[in-house]
Amino acid sequence: MTDAVLGGTGTALINILLLAILFVVAIAIARLRSLFAIVMLSGVYSLVSAAWYILVDAVDVGFTEAAVGAGMSTAVLLAAMLLTARTAKPEKPFSRIGPFIVCAAAGIMLLYATIDLPPLGDPASPANSGVGLTYLQVNWYDTGVPNVVTSVLASYRGFDTLGETAVVFTAGLAVVLLLGFGERSLADTLRRAPKSGTRPGTVHKDGDGT
Amino acid sequence: MILESLLVSAPEWAIDHAPVLIPVVPLIMAAMLALSPSGRLSWILSMVATAASFYFALLTLGRIQSAPGGIIEYWIGNWDVIGIEFRVDALNAMILLLVTGMGFLASIFAWSTIVAEVQKQKISLFLSAFLLCFAGLCGVTATGDAFNLFVFLEISSLSTYVLVAMGASRDRRALTSAFDYLIMGTLGASFYIIGVGFLYAATGTLNMAELAAQLPALSGNRSVQVGFAFIIVGLGLKAAMWPLHQWLPNAYAYSPSFVTMFLAATATKVALYAMIRWLFTIFNPDYAFEQAIFTFILAPLGIAAMVICSFQAVFQTDVRRMLAYSSVAQVGYMILGISIATTAGVAAGLLHLFNHSLIKGALFMAIAGICINYKGTTIRDFAGLGRSAPFTMAAFAIAALSLIGVPLTAGFISKLQLGYALFEHGWWWAVLLVVFSSFLAVLYVGRILQSIFFMPPANPRKTRKEAPLLLLVPLWILALANIYFGIDANFPAGLARDGAIAALGLEAFQ
Amino acid sequence: MTPEFLIAAALVLPLIIAAGIAALGKFPNLREGVTIVGSFALFAVVVQLTMMVSAGQRPELFIGEAVPGLAFAFRLEPLGALFAVVASGLWIVNSFYSIGYMRGNRERNQTRFYICFALAICGAMGVAMSGNLFTLFVFYEVLTLSTYPLVAHKGDAAAQRGARIYLLTLLGTSIGFFLTAVMWTWALAGQRLDFVDGGLLAGVAMSPVVASALLLLFVFGLGKAALMPFHFWLPNAMVAPTPVSALLHAVAVVKAGVFAVMKISVYIFGVDLMNATPSADFLIIVACVTIVLASLIAMTKDNLKARLAYSTIAQLAYVTLGALLATQAGMMGGSLQIAAHAAGKITLFMCAGAIYVATGLTNVSDMKGLGRKMPIVFIAFFVASLSIIGIPPLAGAWPKYELMQGAVDGGADWVLAVLIISSLLNIAYLLPIPILALMPLPGTKPPKEFKRPGGAPALTVAAPAFTAALCVLLFFMITPISNFLAPAFEAPGTLIEAELP
Amino acid sequence: MKGDHHMILRVIAKCLIPLIVIYAFYVQFHGEVSAGGAFQAGVVLAVALILNALVFGLTATMRAVPPWFTRSLSAVGVMIYAGVGVWAMLKGGHYLEYQALFGEGPGGHDGQHAGIIIIEVGVLFAVSGALTTIFYALAGRVAEIRDEDW
């Protein structure tokens, strides 16, 4: 990493610190048995990585990571945790040898690949001089949108975004298909304790939505 | 020919936009189905969507064939060069036709098995998931952009996981197998995207054609090599390439019978297509490291799949599991064909891909027909069904013979072509292994057929219970296609040859 | 009628017959009528085609290509014509016989039986007329699959086991070896599979090792030829009803195997290449071992059909032997054996079937003295035995003579001894049966009464009598037959080129 | 339940939720200029709803925003997005060619702006709908979460 881009040893130290935190949290997640702690730690992981993304000038990614990873995922994971036990079963020793080997191999390959990667932020690197540069050059004329990220996401590569929207939709669909609509328990709750002012009838009607 | 008359009669917009409409129509329809009030309406709409995709795939193919060696480039959003491209040549036109055709047949027969296996209020959403999966597969096949491929791969994978898990109402093990599949599939997708990331870092583009143009200069680049490895492993997972196939037998055995049929006929084929695209079009097989991979990694893996999984299939008691192992073995044939990297070899692999789709589609469709009326899919449960459901089982038998590679069936032609290609390449020992694996196929298919036609029923059934007509029609279409393409294989073989030429980037010669 | 039409008719007629049988399954008399009329029609077509061949024509039919290079092509030449005449002619006889046998035995699923029979004949016709290896292979497998239900006809455990062995052996050898050999040939011959006069591979440069391996693949891949060690399906298939055994042994199946060996050695390898191929000598030894061993085993079998089955293995190894000797006389002998053995063996099997229908007996040792009650059957048996042994004036004499000639020409004098030993063994295992039946030793217990009132049905007696007469007739027709066959073994380019229209 | 010992939580939440929603819309519509966009906005919107559910109870939330609505919202979002593409196609452009929406030549930006805003609305719908649906489905499986369970 060139100092010219990241601006001095201070930033480098913060970089190292953040990555170290990430590493420790990841190890802790792998070692822990309590699901609640794991969920919380994964929230921490997301938050730290969001901070790190911002540090490497990927503000959009950082924002998304904070919203989805730290916010949404944690909430959903907590909700999912309620449906199951609170601790993971202890695993047999050596049952993780296979995954470990896969991880190690993938890690070694990643390290090997980084040898030939261009330095971060290198203006001459292919990623910055290829189609990325073109976007910066033609964006204003083409779209009139000041934020290039938005015009790339929504216009130049809008089809990808359509696909990702479909992915999110699929995820919702998948959960509904597997777990039901969540309306049955609502109906149950209403039936068990009909408070004043509730209108169970509407809920039942709504519940038959499909 | 039919294609030409279709082209003439089609409106201009349909011809122009055909490539992109293939995935978009089912995608929109999938969203609409989530709002549909009745399951039956959803079913009809899903048929309309798949039929439309099939129509557009035919148009695309017609456009490709009317200009030999032609490529359709469709820039989405009309952003030339900097946007996302749909790029269809002879190779993916063939796969598109296959996927949409099988999807259409699957959606026809869907109704009769879904009502039996899926809760009533979930039918619409189930079909919506099916259409998403279908759209995803079409998108993977049609796109010319490495990242866009990933997006569509995710759409199809996510919906596949839930479709597999929907078998839980019949057998709870569907849930664990779907979870296994999810883990493996996500791993595959992550590997793929890591690989694409490296390539982007090295080239600065995501467009496949542009990648192909830039990569030759970068063949010694380590991140390109690692990216290549990650992509192939990721796609290999999706394609159930041995030994990355562990998810497949359970997923096939426990998912709803409709899903098994659709997946067996399309999903692994599309992943294999993507692999061919990467191996040949984007990376050039002339690279030294790729040559070595072909000979020393792909070919042994293909052979291992062929032999080992055929062996495993022989010892299965559940018919669906047996056929699932057989699928892995058949993927081995295709990979073996691909690994010799000659036009004949790739064409043989593609032809086998096409035929195998017809074969497995018919087999699993017949099994679905059995699942409607009879419980259980072990070989013992199939005893005597030749008398109880003669039409279903006759079609099953035709497809089973095609799986073995009996003459006058489609499977024979593709195995013969594969053998030719191997002999031409000088790999006579591989032919012996292909033949040995075929013999194993005789054994395991023979076990099922004998049980069906020559064993007394396990518990005598008084009434004849044929599968419903809605199922029999597409089933027999597939069975007859197996015979027809075994006698006159010019159409699929022509597609496969053109596809191989397109994949290898040779000038089209006709 | 054009030759194309005739060939198409020969292939399609059995299918039409099968369809007719299926449609008329409810009316047995009509159904059998279709079989009989159809078999005569087929025979007429084949005879007409044969006349064309004997006039020097080579009727051809090109249907189309499955994929480029894999053509469904048919071309009739003398060898194929001979096989076609034998198969279609004996189908007539066998049809009459089947009617008597199946009805006399009150077999079930008769409609399926006749349909599969017709399909098997279709396969045999395709094998006989095939114009390239691909077509040959396709119809070879059609024959395998269509005869599987016939072998499994009874449906009990033994029949299923026999049928399974039958199917696995034939499919296994054909897919394992034959198909490999076909693909290899395609690669060697420059993407061609046609049967060419003088041999497709004749001009191809290849090492003796490759040629040897290819020949081994072909000969063992044609599992129907029942060369040891791939002979065991044949005795196991004797669980089938007798008309099926006749079909297997005499009409189509084993015949198709040895015919294919002959055809491949003549039209794919060619005489010169065969002589230059080292493994041919090894295969000659295998054939000789098969001849002697199978005869010896036949002597130990008390079950009549088992004995006849081993006899077939031995006798049809003659054809393979003739093909492998690769001399004109040897090949001629092998080809003649196809016809001669067909007439003889079908007689023997039909006699065995007649005995079974009448008395239910299957063992040789129970048949002593039975000839007094069934004289025609046993006289026919006697005549056919003599023919198989090779005693003039019966058909079996010529092939043995020609084979001996061929062995001497080919410099394999020791084969003479094998042939003589084989004949002696034939005498030992065949002749005692009719002789002891017709002239039982004093003190033999008189045979049991007929199981079926009235003895064997008339059709099951008339058919073997007819074929026994055929054995005699063939002896005297040897000149036209060998003249007819001769062009097949002539050197290429001389005779045939000249006579082509 | 013995008294409301989540008083502080409820009061703060009551203040926060509208702010979160407003922030979501800010992110949504300011995405053209600064970081963020419809994806993030959708998530934030869903989070607001989830916070509501956690603090005021799932039943109340479901009554306010019923599950059928969130589910349909997500489907409608996808349809809006894909529909813009079809609209462009009907106008004679390529799929998703915003330039063609109003038939502008190169350099004209109305189509781009309109197209981007509409598809962002689609994304917002799809993401917030899908995420809320997921939460409903998960949380709806069990009865109301009691304090002791945490």
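Determine, at each q value in 0.22 (inverse angstroms), the log₁₀ of I(q)/I(0) that the Debye formula gives when each Cα of the range A:61-176 is one equal point scatterer.
-1.20
Which ³J(HN,Hα) values in Hz, rounded to whole numbers, follow from the phi angles of the range A:131-137 under the Karplus curve 6.51 cos²θ - 1.76 cosθ + 1.60, where θ = phi - 60° and Gly and Pro get x?
5, x, 5, 4, 4, 4, 6
Could you compute Rg(Cα) / (2.2 N^0.38 Å) for the range C:128-273, with N its residue count?
Normalised Rg, Cα atoms only: 1.09.
Would you kindly derive the ³J(HN,Hα) couplings of the range B:124-131 from the backbone phi angles with the Karplus curve 6.51 cos²θ - 1.76 cosθ + 1.60 (θ = phi - 60°), listing them in order in whole Hz, with x for Gly and Pro?
Using θ = phi - 60°, the values come out as 4, 5, 4, 5, 4, 4, 4, 5 Hz.
Find the eigenvalues of the gyration tensor of the Cα atoms of the range B:285-505, then list the square roots of 5 times those eigenvalues as equivalent ellipsoid semi-axes, largest first, in whole angstrom.
Numbers: eigenvalues 233, 66, 32 Å².
They are 34, 18, 13 Å, listed from largest to smallest.
Order of B:His17, D:His113 from fewest to most other C-beta atoms within 10 Å? List each step's numbers first, then the result.
Numbers: B:His17 21, D:His113 16.
Fewest to most other Cβ atoms nearby, the residues stand as D:His113, B:His17.
So what is log10(I(q)/I(0)) for the range C:415-478 at q = 0.13, 0.14 1/Å, when the Debye sum runs over its Cα atoms only?
The Cα Debye sum returns log10 ratios of -0.66, -0.75.
Check which residues have an amide H placed less than 5 Å from C:Phe72's amide H, if you skip close sequence neighbours.
Here the answer is C:Ile63, C:Gly64, C:Glu65, C:Ala66, since their amide H atoms fall under 5 Å of that of C:Phe72.
With a/c under 1.5 counting as rounded, go ahead and sort the range B:252-312 into rounded, prolate or oblate using the C-alpha gyration tensor (a ≥ b ≥ c being the square roots of the eigenvalues; past the cut-off, prolate if a/b is larger than b/c, else oblate).
Oblate, because a/c is 1.5 or more while a/b does not exceed b/c.
What are the extents of the Cα atoms of the range D:16-74 along their three principal axes, in Å, largest first?
Result, largest extent first: 38, 26, 11 Å.
Ratio to report: Rg/Rh of the range C:288-445, with Cα atoms as the point set and Rh obtained by the Kirkwood method; give two decimals.
Ratio value, two decimals: 1.01.
Could you pull the Rg and Dmax for chain B, using just the Cα atoms, both in Å?
Just the Cα atoms of chain B yield Rg and Dmax of 21.4, 71 Å.
Count the net charge of all other residues whose Cβ sits under 10 Å from the Cβ of A:Thr150, scoring Lys and Arg as +1 and Asp and Glu as -1.
Net charge in that neighbourhood comes out at -3.
So for B:Ile297, B:Ile84, fewest C-beta neighbours within 10 Å to most, what's the order?
The fewest-first ordering by Cβ neighbours comes to B:Ile297, B:Ile84.
Compute the separation of the alpha-carbon centres of the range A:64-103 and the range B:305-320 and state it in Å as a whole number.
Answer, in whole Å: 34.
Once amide H atoms are placed 1.01 Å from N in the peptide plane, what residues at a sequence separation of 5 or more from B:Thr378, or on another chain, have their amide H within under 5 Å of its amide H?
The list, which skips near neighbours in sequence, is B:Val319.
Taking the Cβ of each residue in C:Arg106, B:Arg387, B:Arg497 as the centre, tally the other Cβ atoms inside 10 Å and list the residues starting with the fewest.
Numbers: C:Arg106 8, B:Arg387 14, B:Arg497 26.
Arranged by neighbour count, lowest to highest, C:Arg106, B:Arg387, B:Arg497 become C:Arg106, B:Arg387, B:Arg497.
Determine the shape class of the protein assembly as shown: with a ≥ b ≥ c the square roots of the Cα gyration tensor eigenvalues, call it rounded for a/c under 1.5, and otherwise prolate if a/b is greater than b/c, oblate otherwise. Write down the numbers at each step before the final one.
On the way: a/c = 2.70, a/b = 2.10, b/c = 1.29.
It comes out prolate by the Cα gyration axes.
In this model, which of C:Lys305/C:Lys451; C:Lys301/C:Lys345; C:Lys345/C:Lys400; A:Lys89/B:Lys122 are farther than 24 Å apart at the alpha-carbon?
Distance filter (> 24 Å) returns A:Lys89/B:Lys122.
With just the Cα atoms defining each centre, how far is the range C:416-434 from the range B:120-174? Give it in Å.
What the calculation gives is 72 Å, centre to centre.
Could you give the angle, 0 to 90 degrees to the nearest 10, between helix C:414-430's Cα long axis and the longest principal axis of the Cα atoms of chain C?
With rounding to tens, the tilt is 20 degrees.
Ordered by residue, what ³J(HN,Hα) values in Hz, to whole numbers, does the range B:351-356 give under the Karplus form 6.51 cos²θ - 1.76 cosθ + 1.60, where θ = phi - 60° and Gly and Pro are x?
With the stated coefficients, the range B:351-356 comes to 5, 5, 4, 4, 5, 5 Hz.
Return the calculated 222 nm mean residue ellipticity for the protein assembly as shown, to the nearest 500 deg cm²/dmol, obtained by summing -39500 (n - 2.57) across DSSP H runs with n ≥ 4 and dividing by the residue count. Show your work: numbers first, answer last.
Numbers: 62 runs with 964 residues, N = 1371.
Calculated mean residue ellipticity at 222 nm is -23000 deg cm²/dmol.
With the alpha-carbon atoms as the only input, what is the per residue convex hull volume for chain C in Å³?
127
So how far, in whole Å, is the C-alpha centre of the range C:194-244 from the one of the range B:341-411?
The distance from the Cα centre of the range C:194-244 to that of the range B:341-411 comes to 30 Å.
Each reported figure results from applying straightforward, stated rules to the coordinates on display, with no laboratory input. If you're wondering where the values come from, they're calculated on a predicted model, not measured in any experiment. Ideal geometry is used to build each Cβ from the backbone, glycine not excepted, and the neighbour counts take in all protein chains shown.
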